[in-house]
Amino acid sequence: MTSTQAAFDAYQAVRHRLPSVELANGGYQKAGTLAEIADSFDVFLLDAFGVLNIGESAIPGAPDRVKDLKAAGKRVLVVSNAAGFPHAALLEKYTRLGYDFAPDDVITSRVTLLAGLNSRREMHWGLMATRSTGLRDLEGLNLTYLEEDPEPYDQVDAILMVGSAAWTEERQSLLEAALAKRPRPVLVGNPDIVAPRETGFSIEPGHFAHRLADKTGIIPEFFGKPFSNIYDLAFKRLGDVDRSRVLMVGDSLHTDILGARHVGISSALISHYGFFAGQDAEAAISAAGIVPDFIVERP
């Protein structure tokens, strides 16, 4: 899935599994950068891919923008569907790219997933993840990697989908067959279908989760944007704030903007980086009916 249109169509095809919001008929304001609208907000929730970085590179000017917002007294949190990497590894990456975030100011879908396990922690989980990223944050869980051996697919109590970089069509087929034979819970730590990288889009766990649902009828439990659970964690971290003064900034209509509208906060779509880089974001807004409060060219 290398084109923006294909990625957009994939999100549109699964709208029935995403949060339902009233389609907006109103318009949006345009701005060059977040600095132009900063006075209207006290809290900025920033997506990572497409807002802070593309792959392993910081978006030009974004580290300085974050510093300026903080210097102006704004609260700045990262709210990201980054489930594939341990929390400490993400913080190390952001530091490398020139950002200075406290550990509690990075709210990820991985953290959201772990917070949502509750009484299910003792279950035997089949894990979709990349071995090389390690199991930090997941210690204490009874986990078995799902790879080429078919036996674990039949043995585990439930499925955790957190990282798809090493996932294959063979593994997907094994998982679909096992769950069709014996349905079990499926928890998804990254609802993204794709993520913008330096050379196009990567395929993310949400892509495989929706395929699984189409094939087996099992509706996965999603953790992360656009679902409210990740925003609940962010507001728990923020404490008592005026939600009318909170802005979600992201590059994706179906995760960042839809999620913000679902929980009743303002949103800004970054148009020159990430999902819509080089594309017509306004045409996509019209087609999807998911309308941000602002279109901002760059952070």
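The values are calculated or read from the model by the stated rules, or taken from the named source; none is laboratory data. Just so we're clear, the structure is a prediction, and the values are computed from it rather than from any experiment. Quick reminder, even Gly has a Cβ in these numbers, built from the backbone with ideal geometry, and neighbours come from all protein chains shown.
Search region 33-59 for residues being within 16 Å of the chain's Cα centre (by Cα) and of a type in the set (A, V, I, L, M), and hand back the single one that is nearest to Leu97 (Cα to Cα). Going through the qualifying residues, I end up with Leu52. For region 254-263, the criterion of being crowded, with 20+ Cβ neighbours inside 10 Å, in the same structural domain as Arg171 (by TED's automatic domain parsing) and of a type in the set (A, V, I, L, M, F, W, C) is met by none of the residues.
Are any of the residues in region 91-103 among the aliphatic types (A, V, I, L, M), within 16 Å of the chain's Cα centre (by Cα) and under 29 Å from Lys67 (Cα atoms)? Can you show your working first?
Going through region 91-103, the residues among the aliphatic types (A, V, I, L, M) turn out to be 91, 97, 102.
Pick out the ones that are also within 16 Å of the chain's Cα centre (by Cα) and you get none.
Scanning region 91-103 turns up no residue that is among the aliphatic types (A, V, I, L, M), within 16 Å of the chain's Cα centre (by Cα) and under 29 Å from Lys67 (Cα atoms).
When you look at Asp251, is it touching a Gly at 6+ places or on another chain (Cβ under 6 Å), among the charged types (D, E, K, R), in the same structural domain as Ala165 (by TED's automatic domain parsing) and buried (at least 22 other Cβ atoms within 10 Å of the Cβ), yes or no? No: the conditions fail for Asp251. Determine whether Phe235 is surrounded by fewer than 21 Cβ atoms within 10 Å (Cβ to Cβ), in the same structural domain as Ala38 (by TED's automatic domain parsing) and of a type in the set (Phe, Trp, Tyr). Judged against the criteria, Phe235 is a match.
Residue-wise test of (1) in contact with a strand residue (DSSP E or B) (Cβ under 6 Å, 6 or more places away or on another chain); (2) farther than 15 Å from Ile295 by Cα; (3) assigned by TED's automatic domain parsing to the domain that holds Tyr94; (4) of a type in the set (Phe, Trp, Tyr).
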residue: Arg17; (1), (2), (3), (4): no, yes, no, no
residue: Gln29; (1), (2), (3), (4): yes, no, yes, no
residue: Gly32; (1), (2), (3), (4): no, no, yes, no
residue: Phe41; (1), (2), (3), (4): yes, yes, yes, yes
residue: Gly50; (1), (2), (3), (4): yes, no, yes, no
residue: Glu56; (1), (2), (3), (4): no, yes, yes, no
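Within region 279-299, how many residues turn out to be in contact (Cβ under 8 Å) with a residue 60 or more places away in the chain and either assigned to a loop (DSSP other than H, G, I, E, B) or surrounded by fewer than 17 Cβ atoms within 10 Å (Cβ to Cβ) (or both)? Full working, then the answer.
Going residue by residue through region 279-299, those that are in contact (Cβ under 8 Å) with a residue 60 or more places away in the chain are 279, 284-285, 287-299.
Right, trim to either assigned to a loop (DSSP other than H, G, I, E, B) or surrounded by fewer than 17 Cβ atoms within 10 Å (Cβ to Cβ) (or both) and you get 279, 287, 289-293, 297-299.
Within region 279-299, residues that are in contact (Cβ under 8 Å) with a residue 60 or more places away in the chain and either assigned to a loop (DSSP other than H, G, I, E, B) or surrounded by fewer than 17 Cβ atoms within 10 Å (Cβ to Cβ) (or both) number 10.
With respect to being of a type outside the set (Asp, Glu), more than 18 Å from Asp104 (Cβ to Cβ) and assigned by TED's automatic domain parsing to the domain that holds Leu175, Gly217 fits the description.
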